[in-house]
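In what follows, a single structure is set out as structure tokens and then discussed.
The values are calculated or read from the model by the stated rules, or taken from the named source; none is laboratory data. Quick caveat, the model's predicted, so the values are computed rather than measured. Cβ sites come from the backbone with ideal geometry, for glycine too, and all protein chains shown count toward neighbours. Note: accessible area is taken over every heavy atom of the protein model, side chains too, but ligands, DNA and RNA are not part of it. Shrake-Rupley method; radii C 1.70, N 1.55, O 1.52, S 1.80 Å.
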Amino acid sequence: MKINNRLDSIGVYHFKTIDGIKEKRRKEGKKIIDLSIGDPDLAVEPSILNALIQGFDEVGFNKYPPYDGINFLKNQVIDYYKNRFGVHLELEEVAILIGSKEGISNVIPAVCDIKDAVIVPEPGYPVYSSASKLWGCIPYTVPIKESNNYLVDFTEIPKEVCTKAKLMFINYPNNPTGAKGSGEFFSEVVKFCEESNIVLCNDAAYSEIISPEESPLSILQFDKNKHSVEFGTLSKLYNMTGFRIGYAVGNKEVISALVKVKSNLDSGQFIPIQKAAVTALNLDKTYGDEIRKIYFKRRTVAEKVLKEKNIQFFTTESTFYIWCKTPKGYTTHEFCSEILDRYGLVVTPGSCFGTLGYDYFRIALTCSWQIIEEGLASLPRYDN
Ligand SMILES: Cc1ncc(COP(=O)(O)O)c(C=O)c1O
């Protein structure tokens, strides 16, 4: 059978492999505590579910939706940006996505030609690189390092790369490290991309998963010429990963090109799901505050046990991840396999986020604090 050669340059999506291992252990009757994937365990707000169900009562709910999303949801995204960030958006500056992963992939052919470079941070969400390769582009990885608080250092990007690159992804608050971008950093990256004529995409999947005392930031607050695009998702804050609903906002031309790609590949998200997303985005700030408090408690518990086990980690209050250093003497794969085998604890090897993650592993705080405590407490104390 003839298969696309480019598929050889990317691995099987790691979480697909992990699912197989977990399933096998479950079948063997062995216990598992899963702190690997960023799929929240929390319940969906009842009003969101009601909106989904009520969506079935509307005439045309079963029809193809508009390719760029229903205006009702686009207007809700516009309101969210106005109220939360003071950013004004027009309807044509918003596109509704079938989850943000879809938009992150489809923005690549919207902006790039075959063989163009795409600047991607490493360690980072693996889709930036794998989707670039699938679309025939060349990912150029820029290291993000703890010594720079996991912020992209532009001085590390060679001039030739800036000339060849058409697109750059950043992701703050950051998966897997939990680093957050300051306003000053966002202003710098916007300036860098504008000067280099590179389309900047901020993946803001975790923008609302921050310390209970903080306010979220949008790249568009620091981009008065609206040169950039930001991706948002309902998956993380609203526990709606399976709904597959997100949005892209920002530069009109990029949004229009993205919708053009999408209209040739998909036919939008089911209208009742879009209606449910309207209700979610319309929830009171107290909803988000509650979620932030839950993750804050989980983080505090996890950090305490990690310290007892002598496992080092990057201190942050953003995202629901903890980026930990692999104990001395282990590769990340050895460590993650050993703790799965011995203690039934599943975490994500740092190598899933690129070669710069080889000495790390990621914990997702997507179980109750009691389960997180139980899982981490089962580990021995390590030498470092
Ligand atoms: C950094 C980042 N971006 C995007 C996504 C995709 O989210 P979704 O496609 O569910 O909107 C994820 C999911 O884990 C993520 O971690």
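A few notes on this one:
- Test set (1) open to solvent by 10 Å² or more (accessible area, probe 1.4 Å); (2) in contact with a strand residue (DSSP E or B) (Cβ under 6 Å, 6 or more places away or on another chain) - residue 283 fails condition number: (2)
- Residue that is surrounded by the fewest Cβ atoms within 10 Å (Cβ to Cβ) [pool: residues in region 180-208 that are in contact (Cβ under 8 Å) with a residue 40 or more places away in the chain and within 16 Å of the ligand (Cβ to nearest atom)]: 208
- Extreme residue, farthest from the chain's Cα centre (by Cα), among residues of region 3-18 that are modelled with pLDDT of 80 or more and in a loop (DSSP other than H, G, I, E, B): 3
- Scanning region 336-351 for residues that are surrounded by fewer than 23 Cβ atoms within 10 Å (Cβ to Cβ), assigned to a helix (DSSP H, G or I) and not aliphatic (A, V, I, L, M) returns 337, 338, 341, 342, 343, 351.
- Qualifying residue in region 75-89 (condition: within 16 Å of the ligand (Cβ to nearest atom) and assigned to a loop (DSSP other than H, G, I, E, B)): no
- Some residue of region 126-133 being more than 21 Å from the chain's Cα centre (by Cα) and more than 16 Å from the ligand (Cβ to nearest atom): no
Condition check ((1) modelled with pLDDT of 95 or more; (2) closer than 21 Å to residue 104 by Cβ; (3) in a strand (DSSP E or B); (4) within 21 Å of the chain's Cα centre (by Cα)) across all residues:
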site	(1), (2), (3), (4)
253	yes, yes, no, no
258	yes, yes, no, yes
264	yes, yes, no, no
268	yes, yes, no, yes
280	yes, yes, no, yes
294	yes, no, no, yes
298	yes, no, no, yes
303	yes, no, no, no
306	yes, no, no, no
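- Any chance residue 177 is modelled with pLDDT of 95 or more, within 13 Å of the ligand (Cβ to nearest atom) and surrounded by fewer than 19 Cβ atoms within 10 Å (Cβ to Cβ): no
- Count of region 209-224 residues which are assigned to a loop (DSSP other than H, G, I, E, B), modelled with pLDDT of 95 or more and open to solvent by 20 Å² or more (accessible area, probe 1.4 Å): 1
- Members of region 367-384 found to be open to solvent by 10 Å² or more (accessible area, probe 1.4 Å), in contact (Cβ under 8 Å) with a residue 40 or more places away in the chain and over 16 Å from residue 310 (Cα atoms), listed by number: 367, 368, 369, 371, 374
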